[in-house]
Amino acid sequence: MVTTGNRKWAEEMRMKSLHGISTDAWKRYSAEGFRPYDTIYPGYKYNMTDIQASLGLHQLKRLEDSLRIREKHWKRYDEAFSEIRQITIPLDEESIKHARHLYTILLDLDRLKITRNEFIAALKAENIGTGVHFTAVHLHSYYRKTFGWKRGDCPNAEYISDRTVSLPLSAKLTEEDVDDVIKAVQKVIEHFRR
């Protein structure tokens, strides 16, 4: 689900979600009869079911509370990690209202004795689950096979891809959970720093 106050963006997203077609089926086959349509963009089949829409509308009621909690957790992470030289914390620009969906740190592997995957394993050993958002697209099998891309073709994407770790960030996390994440990251960094 995407929400926006910008009509132009909303219309473009609507079209792209319906194969890039200029008008949806309800508008094409109305009581007035068939209306011609055109494919404006390459698009996708992203139809939302009524059940998905109902769930989404219900969740929108909790959006502000959820965001407030996520912002609180985000700030705690920022305070805990901002002085650690082995990681770079996410940029936080005041002019942007961030969804606080992912808190992704970037590891400075030159200042650590382990790889990103070993860092993730060390956090897992501390009962902290993490994610990788995102692996460089050109390194996925489909793109390697289809386009012949290989490691080295996109060095900047690979640099980020090899160093990124997403820490737990959810409105369901308790203060204690956030403390556990902070302590685990600090412990792993301390143990494996150069």
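Summary table
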item	result
Unique residue being in contact (Cβ under 8 Å) with a residue 24 or more places away in the chain and within 30 Å of Thr3 (Cβ to Cβ) when the list is His191, His140, His133	His133
Selection from region 59-111 of residues that are in a strand (DSSP E or B), polar (S, T, N, Q) and either over 23 Å from Glu176 (Cβ atoms) or free of Cβ contacts under 8 Å to residues at least 60 places away in the same chain (or both)	Thr88
Odd one out for Trp74, checked against (1) more than 22 Å from Phe192 (Cα to Cα); (2) surrounded by fewer than 15 Cβ atoms within 10 Å (Cβ to Cβ); (3) in contact with a strand residue (DSSP E or B) (Cβ under 9 Å, 6 or more places away or on another chain)	(2)
Top-ranked residue in region 97-118 [being among the aliphatic types (A, V, I, L, M) and farther than 12 Å from Thr164 by Cβ; ranked as nearest to the chain's Cα centre (by Cα)]	Ala99
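One line per residue, one yes/no per condition, for (1) surrounded by 10 or more Cβ atoms within 10 Å (Cβ to Cβ); (2) in contact with a Phe, Trp or Tyr (Cβ under 9 Å, 6 or more places away or on another chain); (3) modelled with pLDDT of 90 or more:
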residue: Gly5; (1), (2), (3): no, no, yes
residue: Leu60; (1), (2), (3): yes, no, yes
residue: Arg70; (1), (2), (3): yes, yes, yes
residue: Phe81; (1), (2), (3): yes, no, yes
residue: Gln86; (1), (2), (3): yes, yes, yes
residue: Asp92; (1), (2), (3): yes, yes, no
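The values are calculated or read from the model by the stated rules, or taken from the named source; none is laboratory data. None of the values given here were measured: they were computed from a predicted structure. Every residue, glycine among them, receives a Cβ derived from its backbone with ideal geometry; neighbour counts consider all protein chains shown.
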